[in-house]
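A quick write-up on the structure given underneath.
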Amino acid sequence: MEKEKRKKKNVKKRVAITLACIVFFVGSVLLGLQIGVIYTDRTWVHWWPDYEKKDITATLEKSTLTAADYELLYEQTGLTKLGVDGLWGSGNSRQILKIQDFYFEEHTVTCSRFNPYTYSETIEKHAPIAKLEDGDIVVSATTHVSGWRLGHAALVVDGDTGTLAEAFGPGEVSKLSSISSFTDLANLMILRPKFPKEFREQVAEYAKENLLGVKYSFAVGILSKKYNEDSFTRTQCAHLVWYAYRHFGVDLDSNGGLVVTPPEMANSPYVEVVQIYGFDPVKLWT
């Protein structure tokens, strides 16, 4: 009888120790995730110009622009030649001036949670932007999960209306959204793949017809194939954009890993910058 009691006591002790270890492990993981949130939040730097704002009115009144003019406008607005030509070339210099004013304003940055351990930095206003074209890509570095600043991305499927194909997060499906989901983020970058306009329009149309209504999954590329022409049942923000171009033979993943992320697309040799806001104009997203 005494032996049986000791045996039961030892079993209970082992169970208690096992449960304690599990609780300790889970608690440590959750604590680590929260420390990552705090660290990422405190190391966030919202970039804005620390140099002089210049009068660019005379430059915008020219009939032709030089390389030096484009360099000045990039410094003053975050618009590259592509971004400038899209507005200035269509007689919309007023928008460029609005972009410059916004570029030099100091904004209040707020870090808010929208999923467990998932946060994003926003500002109190919406940024004015360049003229969008079908097939453009919009990215932001503001989204972070614990200590990993993964960013966010979407594909422009109608440049005239600023309509995007976007995969937001867990529990949602990919859907049409508006560029306004990016313009109040603390930084954004508009990219244009280096392909003819007609090709980019094809990509945008394909995304509208085939890549919407798909469940979100962080693990696409790990627990399922990164590219599977016969079965597109899971996606995430960067993967949706990447998949649309991959369907037409273009791989925008600059490191070719299992998972594609927004910074990997931003550093692809197949894209060029149209506009930046909140990013260092020299370092971009490195």
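Return the distance in nm (one decimal) between the two label points of a simple spin-label model at ASP160 and LYS62, each offset 7 Å from Cα along Cα→Cβ.
3.2 nm
Debye sum, Cα scatterers, segment 158-215, no solvent: what log₁₀ I/I(0) at q = 0.24, 0.25, 0.26 1/Å?
Normalising to I(0) and taking log10 leaves -1.14, -1.18, -1.21.
Could you tell me whether segment 137-180 comes out rounded, prolate or oblate from its Cα gyration tensor? Rule is a ≥ b ≥ c as square roots of the eigenvalues, rounded for a/c under 1.5, then prolate if a/b exceeds b/c, otherwise oblate.
Oblate shape, in that a/c is at least 1.5 and b/c is the bigger or equal ratio.
Modelled label-to-label distance, HIS46 and SER180, 7 Å Cα→beta-carbon offset: nm?
So the two model labels end up 2.0 nm from each other.
Can you tell me how segment 179-245 classifies by the Cα gyration tensor, rounded, prolate or oblate, using a/c under 1.5 as the rounded cut? Each step should come with its number before you reach the end.
Values: a/c = 1.95, a/b = 1.22, b/c = 1.60.
Judged from the Cα gyration tensor, segment 179-245 comes out oblate (a/c at least 1.5, b/c at or above a/b).
Do any of LYS215/LYS283; LYS125/LYS175; LYS225/LYS283; LYS62/LYS208; LYS125/LYS225 go past 30 Å between their Cα atoms, and which?
On the way: LYS215/LYS283 34 Å; LYS125/LYS175 24 Å; LYS225/LYS283 33 Å; LYS62/LYS208 39 Å; LYS125/LYS225 39 Å.
Violating the 30 Å limit, Cα to Cα: LYS215/LYS283; LYS225/LYS283; LYS62/LYS208; LYS125/LYS225.
With a 10 Å radius around each residue's Cβ, average the other Cβ atoms per peptide and rank 72-81, 264-273, 213-222, highest first.
72-81, 264-273, 213-222
Using only protein heavy atoms and a 1.4 Å probe, report how much of PHE248 is accessible, in Å² to the nearest 10.
Surface accessible to solvent at PHE248 totals approximately 70 Å².
Amide H to amide H under 5 Å from ALA186: which residues, 5+ apart in sequence or cross-chain, H placed 1.01 Å off N in plane?
Correct list: GLU121, THR122, ILE123.
Counting only protein chains, not ligands or nucleic acids, how are GLU105, GLU166 ordered by accessible area (probe 1.4 Å), most first?
Descending accessible area places them as GLU105, GLU166.
Mind ordering 56-63, 153-160 by average Cβ neighbours within 10 Å, highest first? Display every interim value, and only then the final one.
Numbers: 56-63: 12.2, 153-160: 23.8.
With the highest mean Cβ count within 10 Å placed first, the list reads 153-160, 56-63.
Taking each pair of different alpha-carbon atoms in segment 131-241 once, compute 1/r for the pair, average those values, and report the inverse of that mean as the Kirkwood hydrodynamic radius in Å to one decimal. Before the final figure, lay out each step's value.
Details: mean 1/r = 0.0702 Å⁻¹.
Hydrodynamic radius (Kirkwood, Cα only) of segment 131-241 equals 14.2 Å.
Tell me, what HN-Hα J-couplings in whole Hz come from the Karplus equation 6.51 cos²θ - 1.76 cosθ + 1.60 at θ = phi - 60° for each residue of segment 51-60, using x for Gly and Pro?
Couplings: 10, 5, 7, 10, 6, 9, 4, 5, 5, 6 Hz.
The values are calculated or read from the model by the stated rules, or taken from the named source; none is laboratory data. Here the structure is a predicted model, which means the values were calculated and not measured. Counting neighbours? That spans all protein chains shown, and the Cβs are built from the backbone with ideal geometry, glycine included. SASA here: full protein model, heavy atoms, side chains in, ligands and nucleic acids out. Shrake-Rupley method; radii C 1.70, N 1.55, O 1.52, S 1.80 Å.
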